[in-house]
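Down below is the structure, laid out as C-alpha cells.
The values are calculated or read from the model by the stated rules, or taken from the named source; none is laboratory data. Please read all numbers here as calculations on a predicted model, not as lab measurements. When we count neighbours, we look across all protein chains shown, and the Cβ atoms used for this are built from the backbone with ideal geometry, even at glycine.
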Amino acid sequence: MIEVNKHRKDYLNNKANEIVGFIQNMPKIQPNHNLPFGSKGEKRVLDITDQLKDKPQRFRTQTISDKPIDCIEEYQQKTYGLNEDSYKKYEKLIDSIYEEKTISKYISIKFIDNNSMEWIFATYRQEINISFVDYLLPILDNSIETYKFTYRILNLDIESFFEVGNCLFHFYKEKELSSLEEEFRDNDPDKAEYNKYSLLKKDYLGIPLISTQTMGEFGRAEELAKAECSLSIDTLKLCSLTTIVPDYKIYFDLDERVKYNSRNTNFTTVPEDKEYFTITFSGNKGSYDLDPKEWQDLQSRNLGQFHKFLKNRHLNRNELSDLIENSITMYAEAITQTDLNNRIVNLFTILESFLLKNDDSTIIDSVTKYLPKLIFKKLNERKEIIELLKRLYKVRSAKIHHAKKNKFDIIDLRKLQISIVSLLLSLISKITEHETKHSILEQIDENILNA
C-alpha cells in the first residue's frame with residue numbers, strides 16, 4: 001500500500017544516518033521537585049515512575065505554543081540527544097517522508113515522528129542493525145486498518161437515522177443497547193463489570209451521533225474521520241433554516257467544535273447561613289430540531305445534491321472540487337456568526353475565492369461580473385443581484401476598513417446567502433467539464449466577447 005522508489009529510499013536512509021551522527025552528549029536533566037500550587041495542586045496526578053525504570057526516558061523541550069525544539073534521552077546514567085540545530089535537520093527528514101503521497105494519505109505525521117525517533121535513538125544505542133527505511137516502512141504499512149469513528153453532536157435533535165455524504169447521523173436506542181449489553185454479559189460473564197454497552201446505555205442513550213469509516217494508521221484515520229464528519233455537519237448547516245432566515249441561530253456541531261455552551265452552572269451561598277447552598281442551571285434552548293417537516297425543508301434546500309457531491313467527490317478530485325469543499329466549511333462558519341456584519345465579510349471572502357480571476361482584479365468588479373452569469377438567466381435577476389452586491393459590499397468595506405457596523409436590510413443578507421448556495425450548486429454541476437475555477441471564468445469571458 002505504501003510505495004517509495006529506490007532513489008527516495010536511499011535519500012531517506014542517508015539523511016537518517018546523518019541525524020544519528022548529530023546525537024551528542026547533553027547536560028543531565030534536573031528533575032522538577034516543585035509541587036504544583038493553586039487549582040493544579042488540588043488535582044490528582046498519576047505516578048508512573050516505577051514503570052519507567054530501566055527504560056530509556058525521552059524528553060522534548062517545547063515552546064509556549066507546544067512546538068518541540070530538541071529531543072533528549074536518558075538511559076543507563078547517560079544523557080544524549082539532538083540539540084536545536086540538529087533537531088531542525090531532523091524535522092526536515094520528517095517533512096521529506098511526509099511528502100510521499102502514499103504515506104501522507106494513510107499515516108499521521110505524529111506516528112512517523114515517533115517511529116523515526118525510535119529508530120534514531122535505538123541505532124545510536126546500537127540496539128538494532130537495520131536501515132531506516134527497512135525499519136520504518138513495514139511499521140507504517142502494518143499500522144493501516146479500517147476504523148469506524150463515532151462522535152457526539154451537541155445542540156441537535158433528530159427523529160430518525162440519515163446520511164449526509166459518507167457519514168451516518170444516528171442515535172442509540174434503549175432496546176438495541178439492552179440486547180447488546182445482555183449478549184456481552186452472556187458471552188463473557190467474568191467481564192460483566194466492563195460491559196461497554198452498559199456505559200453507552202448510561203451516558204449516550206438518545207444522544208445524536210455521527211459515524212463514518214476511514215482507512216489509515218489510527219491517528220491519520222481519526223484525522224480523516226473528524227474532517228469527514230465535520231464536512232457533513234457543515235453541509236447540514238448550509239441547508240439549514242439559517243440560510244433563508246439569517247438571524248435564526250444554529251449551534252449544533254461535533255462536541256469538540258461547538259462554540260456555544262447551552263448549559264451554564266452557578267453555586268449560591270449565604271455567608272451567614274452555612275446550610276444554605278443552591279446549584280442553578282441555566283441556558284437557552286440551543287438545539288436544532290430536525291423533525292420530519294424540517295427534513296423535507298432541508299431537501300427543498302438541496303441537501304440531496306450536496307449529499308451526492310460529498311459522496312462522489314473522491315472520484316472526481318480536482319482543484320474545483322477542493323475549492324467547493326472548503327467553501328462549504330467557510331459558509332457554515334459564516335452563518336454561525338451571530339454578528340451579521342462579520343458574517344457579510346466572511347460571505348464575500350467565499351465569493352472572492354471563486355470569482356477573483358487574478359490578483360489584479362478588484363473584488364466588487366469581479367463578483368458583479370461573474371456571479372450573476374453563474375446563477376441567473378434572466379436579465380432583471382442579474383441586475384438585481386448586482387445592485388444587492390454593491391450595497392452589501394459597502395457594509396463589508398465599512399467593517400474591514402473602518403471597524404464600523406453599517407445598517408443593512410436583512411432581506412439583502414438572505415438573498416446573498418441563497419446566492420452563494422446557488423453558486424456552489426452551479427459549480428458542482430460543472431465539475432465534470434472544468435477542473436479549475438479559472439477555466440469557468442475564462443468560458444464566461446469568451447461568451448461575453450462572442451455575444
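Determine whether residue 233 is β-branched (Val, Ile, Thr) and without any contact (Cβ under 8 Å) to a residue 60 or more places away in the chain. Talk me through it step by step, then tell me what you get.
Numbers: β-branched (Val, Ile, Thr): yes; without any contact (Cβ under 8 Å) to a residue 60 or more places away in the chain: no.
Judged against the criteria, residue 233 is not a match.
Evaluating residue 172 against the criteria (1) surrounded by 17 or more Cβ atoms within 10 Å (Cβ to Cβ); (2) in contact with a strand residue (DSSP E or B) (Cβ under 6 Å, 6 or more places away or on another chain); (3) closer than 30 Å to residue 413 by Cα leaves one unmet condition, (3).
Residue-level check: of (1) surrounded by fewer than 19 Cβ atoms within 10 Å (Cβ to Cβ); (2) in contact (Cβ under 8 Å) with a residue 40 or more places away in the chain, residue 378 misses just (2). The set of residues in the range 316-366 being farther than 22 Å from residue 399 by Cα and either of a type in the set (A, V, I, L, M, F, W, C) or in contact with a Leu (Cβ under 6 Å, 6 or more places away or on another chain) (or both) consists of 320, 323, 324, 328, 357. On inspection, residue 294 fails the criterion of being loosely packed, with under 12 Cβ neighbours inside 10 Å and at negative phi. Would a scan of the range 348-359 turn up a residue that is small (Gly, Ala, Ser) and buried (at least 17 other Cβ atoms within 10 Å of the Cβ)? No.
Would you pick out the residues in the range 241-271 that are of a type outside the set (Phe, Trp, Tyr), part of a loop (DSSP other than H, G, I, E, B) and touching a helix residue (DSSP H, G or I) at 6+ places or on another chain (Cβ under 7 Å)? Steps first, answer last, please.
Just the residues of the range 241-271 that are of a type outside the set (Phe, Trp, Tyr), to begin with: 241-247, 249-250, 253-259, 261-266, 268-271.
The next check asks that each one be part of a loop (DSSP other than H, G, I, E, B); those that pass are 244-247, 249-250, 255-259, 261-263, 271.
Answer for the range 241-271, where residues must be of a type outside the set (Phe, Trp, Tyr), part of a loop (DSSP other than H, G, I, E, B) and touching a helix residue (DSSP H, G or I) at 6+ places or on another chain (Cβ under 7 Å): 244, 246, 247, 250, 257.
Take the residues in the range 110-129 that are part of a helix (DSSP H, G or I) and of a type in the set (D, E, K, R), then tell me which one is farthest from the chain's Cα centre (by Cα). Only one residue tops the list, namely 118. Among the residues of the range 142-166 satisfying the criterion of being of a type outside the set (Ser, Thr, Tyr) and not in a strand (DSSP E or B), which is farthest from residue 292 (Cα to Cα)? Among residues in the range 142-166 that are of a type outside the set (Ser, Thr, Tyr) and not in a strand (DSSP E or B), the one farthest from residue 292 (Cα to Cα) is 142.
Please determine whether any residue of the range 97-107 is buried (at least 18 other Cβ atoms within 10 Å of the Cβ), over 28 Å from residue 228 (Cβ atoms) and out of contact with any Ser or Thr (no Cβ under 6 Å at 6 or more places or on another chain). Within the range 97-107, none of the residues are buried (at least 18 other Cβ atoms within 10 Å of the Cβ), over 28 Å from residue 228 (Cβ atoms) and out of contact with any Ser or Thr (no Cβ under 6 Å at 6 or more places or on another chain).
Of all residues in the range 425-450, those that are closer than 20 Å to residue 358 by Cα and in a helix (DSSP H, G or I) total 14. Only one of the numbered conditions (1) farther than 26 Å from residue 412 by Cα; (2) in the same structural domain as residue 446 (by TED's automatic domain parsing) is not met by residue 333, and that is (1). Looking at the structure I just gave you, is residue 127 surrounded by fewer than 14 Cβ atoms within 10 Å (Cβ to Cβ) and free of Cβ contacts under 8 Å to residues at least 40 places away in the same chain? Answer is yes for this residue. I need the full set of residues from the range 93-124 which are within 16 Å of residue 69 (Cα to Cα), of a type in the set (D, E, K, R) and in contact (Cβ under 8 Å) with a residue 40 or more places away in the chain, in order please. Answer for the range 93-124, where residues must be within 16 Å of residue 69 (Cα to Cα), of a type in the set (D, E, K, R) and in contact (Cβ under 8 Å) with a residue 40 or more places away in the chain: just 110. Reported count of residues in the range 232-277, each being over 20 Å from residue 413 (Cβ atoms), surrounded by 13 or more Cβ atoms within 10 Å (Cβ to Cβ) and among the hydroxyl-bearing types (Ser, Thr, Tyr), is 4.
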